[in-house]
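Working notes, structure below.
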Amino acid sequence: MSESTKINGKQRLDDLIREAVDTPDRYEPPQNLWRGIEHGLTRQQQRSPPWLRYAWASAAVMVLAISAMTLQWMPTQSVDDTSEVTRLITAVNEHHESQRNLLLTSIQSSGLSTTEISSQTELEQLRQAAAQVTEQLMNDPNNQSLWQLLQWLHQQELELLKANFAPRQNWQQA
């Protein structure tokens, strides 16, 4: 190591020590940050209650459980009796209606009105498609693709409702 690098290194070390000694014990930010912190804390307090998250989670688990049971049951048994098919399709559609009602109830309890739906035509299209798939399932109950399509349509309807009422976050700089 050359003599000049030793001197430069020692000089730099001395500068760092002097800077550390001269630095005040307390750092003051260039602007007042408390308004932004206070705003962030109040936004956290306005979030949905924890029971609502549990309601969403239980609804999702119920949909998955019924879907799994339906998908496991359909390939192994051939359905010849139309009354069993009718009961199964009715049960799936009733379950979806209960999920939709639970979702709408939780939305209304959070203070939003259901008249705010911006994509009403898409919801109607999804419901009409589900009704058509239900009719096709009555004629062909062993069609796995129709069952999956009905499940997908129901899920899309719930997702569209959730998207319409998702809390909109306004990020503002304080």
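Values in this text are rule-based calculations from the coordinates and carry no lab data. Values in this document were obtained by computation on a predicted structure and should not be read as measured data. Every residue, glycine as well, gets a Cβ built from its backbone with ideal geometry; the counts of neighbours run over all protein chains shown.
Packing order of peptides 58-69, 142-153, highest average first: 142-153, 58-69 (average count of other Cβ atoms within 10 Å over each peptide's residues).
You can think of it this way: the chain between Ala163 and Asp25 has 44.8 nm of extra reach, that is 0.36 nm per residue less the Cα-Cα gap.
How long is the gain from Leu104 to Arg35 if the chain were fully straight, where each residue apart is worth 0.36 nm and the alpha carbon distance is subtracted? Please list the in-between numbers first.
Working: separation 69, 0.36 × 69 = 24.84 nm, distance 3.52 nm.
Once the chain is fully extended between Leu104 and Arg35, it gains 21.3 nm.
Each peptide among 9-15, 130-136 gets the average number of other Cβ atoms lying within 10 Å of its residues, and from highest to lowest they stand as 130-136, 9-15. With a simple spin-label model that places each label point 7 Å from the Cα along the Cα-to-Cβ direction, the separation between Ala91 and Ser58 comes to 2.1 nm.
Taking the number of other C-beta atoms within 10 Å as the exposure measure, put His154, His39 in order starting with the fewest.
On the way: His154 23, His39 13.
Fewest-to-most Cβ neighbours within 10 Å comes out as His39, His154.
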